[in-house]
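The values are calculated or read from the model by the stated rules, or taken from the named source; none is laboratory data. Model, not experiment: these values are computed from the prediction. Backbone-built Cβ (ideal geometry, glycine too); neighbour counts: all protein chains shown. What goes into the accessible areas is simple: the full protein's heavy atoms, side chains included, and nothing from ligands, DNA or RNA. Shrake-Rupley method; radii C 1.70, N 1.55, O 1.52, S 1.80 Å.
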Amino acid sequence: MRFTRCAMPRLFRLRHLLTPLAALLLAGVAMAADLAPAGPVGPAGRGGSPTNNGPARSGAADAGVSRTAFAGSGGMGTALSRIKDLASIEGVRSNQILGYGIVVGLNGTGDTLNNAPFTKQSLTAMLERLGVNTRGATMRTANVAAVMITANLPPFAVQGTRLDVTVSALGDAKSLQGGTLLATPLLGADGEVYAVSQGPVAISGFSAEAEAAKITRGVPTVGRIANGGLIEREIDFALNKLKTLRLSLRNPDLTTARRVAAAINDFVGGDSAEPTDPSTVVLQIPPRFQGNMIRLLTDIEQLRIEPDQGARVVIDERSGIIVMGKDVRVSTVAVAQGNLTVTISEEPQVSQPNEFGQGRTVVVPRSNVKVDTEGTNKLALVKESVTLRELVDGLNALGLGPRDLLSILQAIKAAGALQADIEVM
């Protein structure tokens, strides 16, 4: 009984001491879980449950993948982009198809058969296939137009799928409004028929003409047929059976390719991905993902990295637009913009003879030419910039317009003080 009376208070005190300690431990675990960055869903899911593709991946491992991608990208404060937006999968692409056809039903706005012999020949051949012989006959219809049909065959398109087609006039037709495209085969680069197009043409422009006036809005000789193409042949591409995958960067860059490969390796484990050139990253499919390519790609394309690019200044001389990247740097340089002003004024004077003179009245030109080279613009110093904002502020301090900035940037580049490539559009 004494042992019982002594033990019960100790047990009671120990339980009261453990309760706040356990609460603190649980709060610490919850705080650590909230601070850990959420990684992409791995092959085993976010919870780490085992699947048929391989061993389970824990949530901590997924968080480690995200931390590695962020660290390689330059920190959490930078703008990160998905690999899905930076690269495309080699082989997963669209294919261009086109065909030649006839649009009928135009309200006198079609081709002139005498000026478009190909339209006349096409109309004659079509009628012969339908059992109508028109050879040697004179045809003056203006309700027919020869057109070219273009479309893009999407990847993995199956037989029976519909696609949009664009119809463009080939002859001297004035408008395709109200016309209907007859069945036209669409060919690929190999000469095979991949789709057939037919249907009413919808145009966004219009044209109205009278005897003394004419108005045209948009382009009435180009139209579109929504779901006007029917796919008849599929392009075989066994994506799920590939052993090696190639990712093509949309903007080739060595640093970006290396970061993409590093992010993929941290996710799948090992050295499966390797950049082979500035635009290509080769991925050897791990054994646990072979036969399940879609799951691997959906996880990889959600990884985020910071893309890198070279310093570049893009100049459009026609519109005066200047676009500079954030990595553009300029060394300390002095810039002066000449202000040459030439003023020419004409003040003609009339010269008349005396009252009893034998002369005649003439107009004598008086020209005044003034050249001013003492402009208000002086030699300005553009200091070495650290950020793009400082560079822009330094150039704007000269008080110049876009046209003058174009010439100044090209002159700074020629002097070797601009550490960027200039691309003139």
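Given the options Gln290, Gln302, name the one that is at pLDDT below 85, closer than 29 Å to Leu239 by Cα, open to solvent by 40 Å² or more (accessible area, probe 1.4 Å) and of a type in the set (S, T, N, Q). Of Gln290, Gln302, the one residue that is at pLDDT below 85, closer than 29 Å to Leu239 by Cα, open to solvent by 40 Å² or more (accessible area, probe 1.4 Å) and of a type in the set (S, T, N, Q) is Gln290. The residues on offer are Thr166, Thr161, and the sole one that is surrounded by 15 or more Cβ atoms within 10 Å (Cβ to Cβ), at pLDDT 95 or above and hydroxyl-bearing (Ser, Thr, Tyr) is Thr166. Here Asn95 meets each of (1) open to solvent by 60 Å² or more (accessible area, probe 1.4 Å); (2) modelled with pLDDT of 80 or more with one exception, condition (1). Within segment 208-218, one or more residues are open to solvent by less than 60 Å² (accessible area, probe 1.4 Å), assigned to a strand (DSSP E or B) and free of Cβ contacts under 8 Å to residues at least 60 places away in the same chain.
Condition check ((1) in a strand (DSSP E or B); (2) hydroxyl-bearing (Ser, Thr, Tyr); (3) modelled with pLDDT under 95; (4) touching a helix residue (DSSP H, G or I) at 6+ places or on another chain (Cβ under 7 Å)) across all residues:
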{"residue": "Asn107", "(1), (2), (3), (4)": "no, no, yes, no"}
{"residue": "Asn114", "(1), (2), (3), (4)": "no, no, yes, no"}
{"residue": "Thr119", "(1), (2), (3), (4)": "no, yes, yes, no"}
{"residue": "Gly131", "(1), (2), (3), (4)": "no, no, yes, no"}
{"residue": "Thr134", "(1), (2), (3), (4)": "no, yes, yes, yes"}
{"residue": "Thr138", "(1), (2), (3), (4)": "no, yes, yes, no"}
{"residue": "Val147", "(1), (2), (3), (4)": "yes, no, no, no"}
{"residue": "Ser175", "(1), (2), (3), (4)": "no, yes, yes, no"}
{"residue": "Leu181", "(1), (2), (3), (4)": "yes, no, no, no"}
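Per this entry, Gly171 is counted among residues that are part of a loop (DSSP other than H, G, I, E, B), touching a residue at least 40 places away in the same chain (Cβ under 8 Å) and in contact with a strand residue (DSSP E or B) (Cβ under 8 Å, 6 or more places away or on another chain).
Reported count of residues in segment 382-422, each being in a strand (DSSP E or B), open to solvent by less than 80 Å² (accessible area, probe 1.4 Å) and either modelled with pLDDT of 75 or more or out of contact with any strand residue (DSSP E or B) (no Cβ under 6 Å at 6 or more places or on another chain) (or both), is 2. Being farther than 30 Å from Glu423 by Cβ, open to solvent by less than 70 Å² (accessible area, probe 1.4 Å) and at pLDDT below 80 is the requirement here; does Val362 meet it? Yes; evaluated as a whole, the condition is true for this residue.
Here the strands (runs of 3 or more DSSP E) wholly within segment 244-309 that include at least 3 residues being touching a residue at least 40 places away in the same chain (Cβ under 8 Å) and more than 19 Å from the chain's Cα centre (by Cα) are 244-249. Gln337 fulfils the conditions (1) modelled with pLDDT under 80; (2) open to solvent by less than 20 Å² (accessible area, probe 1.4 Å); (3) not acidic (Asp, Glu) except for a single criterion, (2).
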